[in-house]
Every structure is written in structure tokens, then in C-alpha cells.
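What follows is calculated from the coordinates using simple rules that are stated; it is not laboratory data. Everything numeric in this text was worked out from a predicted model, so none of it was measured. All Cβ positions, glycine included, derive from the backbone under ideal geometry; neighbour counts span all protein chains shown.
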Amino acid sequence: MPAERLQKIIAAAGVASRRKAEELIASGRVVVNGNIVRELGTKADPEQDHIRVDGKLLQGPERYTYVLLNKPKGYVTTVSDEKKRPTVMDLVTKVKGRVYPVGRLDWASEGLLLMTNDGTLANALMKASSNVAKTYVVKVAGQPDEGKLDKLRRGVSIAEKGGRRVRTAPAKIRLIREGDNPWLEVTIIEGRNRQVRKMFEEVGHHVEKIRRVQYGPLTLDVPPGDWRNLTLLEVAKLKTAASGIKSAKPAGESASKPLREQFASRPTRPHSVRTSRAQRASAARRSRTSEV
């Protein structure tokens, strides 16, 4: 196996992130073949060299784990929190392997959160150039008119940390349920901090509730606070999405069909029922004719 940078080997073994691994190396806590290594550019062969971190021998690369979590309100999307608030890590204690959140949902937001120890995929998904779509259902205060919604669809200027203002990319927005405080479906291709909330604030409407229901090819399908492992096909689709390659999608297919059904006021009668009755009537007429 070709030699690799020590920090990459340590991260692949699940000991720490690459940044943390660099700190371990610089502080003299990494030993290769009995020699303390402090230089960050040092390479090693994980199959041939004996690498120890704090005296513990590395056991080789950690198997990748991919988890879809339905984050409830009241959890922060961090590994640890200085304010001692609950974190999403408290919800995945039974996951095999150590996983980290990909991107963030703020404390008051709910919904689909991807977690993995595959740093390469995580970094690719979070790059702005990947344009991976994220779909949210949003309950807003008041009724934004079409003029305001069109403004959001074209993109608006929002403030980022430090006061710098940036323009959002075009968004897809449609009404899901009418009311004094309507529900909207919002799809964006960016992941700026509190972006959807800030977008609606710019047009004068406060976001009361927000839930992410889709991330790229993944659709939210587990109860709040629960999680599941991704299938091999889902992982493959995620990697395709992260690469920026657009996959074919049937025309008219919506990312949130179950959501429309959830908000529907009354069920509609399927067309197939009417068709089958007509077919039975026709068959009965043919049968009477043949008997005559």
C-alpha cells in the first residue's frame, strides 16, 4: 500500500478528524515505528508501519457508516456543546462506528440530517459547487403574496456572520397548505447558516416551523429522534449527487409526494376504480351477447 500522510491515516482509523490529528502529531502524541513524529508532512504505510496514538496501536481504516437521522427540535448539530445542551450525538449512541453530522440544522429546526465518518463524501456534499438540493417544509407567519414568493425564487440578499451580505441562489417555492399561517415547500441548493429563515425575514415573514424532508436523493422516512443506515444504492446516489452529475428523474415527480398526501384535506378517488368498473360492465355485455 502506498504511503499516506499520517493525519489521513489517523482520521481513516476513526481516532480523530484530520484537523485534530494534526494537533496530535504536532504535540508529539504520535509514534511511528518507535519514533515520535511531529512533522505534519510525514507519511507512513498503515499496512507496514506500527503507528501509535497516545500509546494505542492503530487497527487500520474504520469502515464507513452512513446514517439518516430525523433530528427533533431542541438538539444542536454539534459533536459537543459548551452550554451542555443536548446534541445530535445523543441520538446515535447505538450506531456502529463514530459518525459526524454533514452540515447543520439549527436548534429549532427539525428533519433529515445525514451523519457519516466518510470525510471525503461529507466535504464533497458541503461544497457549494455540488449544488445538492435540500427541500424543507416551512410554516410562516402571515400570508406572503406571489410577489414576495417570486422575489425569494429569484434570490434575495441576506446577512451572514460578520455583517457581510450575500445573494441567495434561485429557489423553488410552492404552497402546500393554505391558511393564516401557510405551509410552503422550499428547495435550495445552498447551505448557508439559517438561510431559509433569513430569506423569509427579508420579505417580512417569520418562520414558525421548519423541517428538512429531503437531502439530495434521500427522503425523510423515520420518526423524530430515530435513525437508520443508508442502503448501498442510497450511498451510490449520494456520491453521484456530490460529484455534481445530474441523475435522470421522471417528469413531474415531486420530492415530497407523501407531504402532499399528509396535507390533503380529503382523499381523491383513484381513476383506476372507475376504469375497472367500466371494464367489468363491458365484459358483462360481451358475456350476454355470447350466450345469445
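Annotations
- Inter-residue pairs, beta-carbon under 6 Å, first more than 15 Å from T78 (Cβ to Cβ) and in the range 93-111, second assigned to a loop (DSSP other than H, G, I, E, B) and of a type in the set (S, T, N, Q), 6+ apart: G97/T65; G97/N117
- Listing of strands (runs of 3 or more DSSP E) fully contained in the range 10-93 that carry 1 or more residues being out of contact with any strand residue (DSSP E or B) (no Cβ under 7 Å at 6 or more places or on another chain) and more than 30 Å from T135 (Cα to Cα): 35-37
- Per-region count, the range 209-235, residues assigned to a helix (DSSP H, G or I) and under 23 Å from E185 (Cβ atoms): 1
- Screening M115 on (1) in a loop (DSSP other than H, G, I, E, B); (2) surrounded by 13 or more Cβ atoms within 10 Å (Cβ to Cβ) shows it passes everything except condition (1).
- Across the range 133-161, the qualifying residues are those that are in a helix (DSSP H, G or I) and more than 26 Å from the chain's Cα centre (by Cα), and the one among them that is farthest from P182 (Cα to Cα) is G147.
- Residue match in the range 56-74 (condition: farther than 18 Å from L230 by Cα, aromatic (F, W, Y), touching a residue at least 60 places away in the same chain (Cβ under 8 Å) and out of contact with any His (no Cβ under 9 Å at 6 or more places or on another chain)): no
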